[in-house]
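Asker: Sharing a structure, written as structure tokens. Questions coming.
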Amino acid sequence: MLFKQQAWLRQKLLVLGSLAVGSLLYLVARVGSLDRLQPLCPVEGRFGGARSQVELPLRALQFKRGLLHEFRKGNTSKEQVRLHDLVQQLPKAIIIGVRKGGTRALLEMLNLHPAVVKASQEIHFFDNDENYAKGIEWYRKKMPFSYPQQITIEKSPAYFITEEVPERIYKMNSSIKLLIIVREPTTRAISDYTQVLEGKERKNKTYYKFEKLAIDPNTCDVNTKYKAVRTSIYTKHLERWLKYFPIEQFHIVDGDRLITEPLPELQLVEKFLNLPPRISQYNLYFNATRGFYCLRFNIIFNKCLAGSKGRIHPEVDPSVITKLRKFFHPFNQKFYQITGRTLNWP
Ligand code: A3P
């Protein structure tokens, strides 16, 4: 009798136990799938033409973090691309420059946004005649896979200073959004020099000092033939662009502020691109070893920019710096006036 009761009790416990485990497993699975199926992350559609509000599935986020990488490496079949509704889209926004302004940091940081997909490489389609001759389909095929609701962004800093580029971009898309990230012109010129110097040193070549290149030894004036100086005359380049695009199609990013306080700068870009604010302080953390903000995509994945970003600049004669700053001053004033963005440059 006692034995029978014990057996009955054990059986009951077993049934209850399996029910509890089953329910738990169901809940875990349900929560997981709910998370995946949670449908909407609205993206305002300035880019969507008539659609004022497009909806970005949350799977886009997962796609960005995992699948995207595989697609880029070419590890996926055409079938998978079709299944995921993936497309290679022409950019809706381009970071056109300025070289050493922080173009890579800007692109990588914007890529934190679930609605943005970056073209990892500089494509140099519009500034390189040989590439341009290959046609727009060649350019499109260089773009990463994305969901139709996402926007593709590429950066090629040489675009800003290359004569033919504005007209070529205009022919592709006259309503494209153009991002220009600038730094205080003298600092940018020294950064530019530092990059070239490093290249020379890598090849065991000697190079001139910055002072020698930036100042004409005969006249003691600023040497406007030196490319690093010319590139920093932002207003001159911008004026060429304004022959094709109205100023409203440009957004100026303060590259110096992007270094020290990236979030507000990124929020301004989100606004300009008509994207809902999705980049948060969680996505950006200061790395004291690097001396820069780094990127946090999620609890597992974070990254800092490569060591080639954030080089130590050589010391430059203060009188040369003063001379350069004085030289750039009127051009800067004009730049502020045209763009409507005043920056704290000396
Ligand atoms: P320096 O190397 O002179 O410090 P670009 O990507 O256009 O070549 O610009 C490079 C510059 O981006 C670097 O110039 C660096 O100062 C700046 N930068 C901005 N944010 C950065 C970040 N989070 N990490 C590294 N560099 C960053």
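Asker: Strictly over 28 Å apart at the Cα level, which of Lys155/Lys225; Lys142/Lys209; Lys209/Lys243; Lys225/Lys271 would you flag in this model?
Answerer: Over 28 Å apart, Cα to Cα: Lys142/Lys209; Lys209/Lys243; Lys225/Lys271.
Asker: When each pair of different Cα atoms in region 201-346 is counted once in the 1/r mean, what is the Kirkwood radius in angstroms, to one decimal?
Answerer: Values: mean 1/r = 0.0541 Å⁻¹.
Its Kirkwood hydrodynamic radius stands at 18.5 Å.
Asker: Taking N as the number of residues in region 145-262, what value does Rg over Cα atoms divided by 2.2 N^0.38 Å take?
Answerer: Values: Rg = 17.3 Å, N = 118, 2.2 N^0.38 = 13.5 Å.
Cα-based Rg divided by the globular estimate yields 1.28.
Asker: Could you work out what % of the accessible surface of region 137-207 is carbon and sulfur, using a 1.4 angstrom probe and leaving DNA, RNA and ligands out of the count? Present the calculation step by step, with values, prior to reporting the outcome.
Answerer: Values: 1260 of 2900 Å².
Carbon with sulfur: 43 percent of the solvent-accessible area.
Asker: If you average 1/r across every pair of different Cα atoms in region 295-346 and take the reciprocal, what Kirkwood value do you get, in Å? Could you put the intermediate results ahead of the total?
Answerer: Numbers: mean 1/r = 0.0681 Å⁻¹.
Result for region 295-346 stands at 14.7 Å.
Asker: At 1.4 Å probe size, with every protein chain present, just tell me what the per residue accessible area of region 189-295 comes to in Å².
Answerer: Value for region 189-295: 53 Å² per residue.
Asker: May I ask which residue of Ile321, Leu263, Val229 lies farthest towards the positive end of the charge dipole of region 194-339, with charges of +1 (Lys, Arg) and -1 (Asp, Glu) on Cβ and the Cα centre as origin?
Answerer: Farthest towards the positive end: Val229.
Asker: Are there trypsin sites (Lys or Arg not before Pro) in region 179-283 that DSSP marks as loop and that have at most 10 other Cβ atoms within 10 Å, and which are they?
Answerer: Lys203, Lys205, Lys225, Lys243
Asker: Putting +1 on Lys and Arg Cβ atoms and -1 on Asp and Glu Cβ atoms, find which of Gly135, Ile161, Pro148 reaches farthest to the positive end of the dipole of region 105-167.
Answerer: Pro148
Asker: If packing is taken as the mean number of other Cβ atoms within 10 Å per residue, what is the order of 116-129, 318-331, highest first? Don't skip to the end; give the middle numbers.
Answerer: Details: 116-129: 19.2, 318-331: 15.5.
Averaged packing, sorted descending, gives the order 116-129, 318-331.
Asker: Compute the convex hull volume of the Cα atoms of region 214-292, divide it by the residue count, and report the result per residue in Å³ as a whole number.
Answerer: Output value, Cα hull per residue: 129 Å³.
Asker: How much of the accessible area of region 235-301, in percent, comes from carbon and sulfur atoms when a 1.4 Å probe is used?
Answerer: Numbers: 2030 of 3370 Å².
Solvent-exposed carbon and sulfur of region 235-301 make up 60 percent of the total.
The values are calculated or read from the model by the stated rules, or taken from the named source; none is laboratory data. Fair warning: this is a prediction, and the values are worked out from it, not measured in the lab. Backbone-built Cβ (ideal geometry, glycine too); neighbour counts: all protein chains shown. We work out accessible area using only protein heavy atoms, side chains counted, and drop any ligands, DNA or RNA first. Shrake-Rupley method; radii C 1.70, N 1.55, O 1.52, S 1.80 Å.
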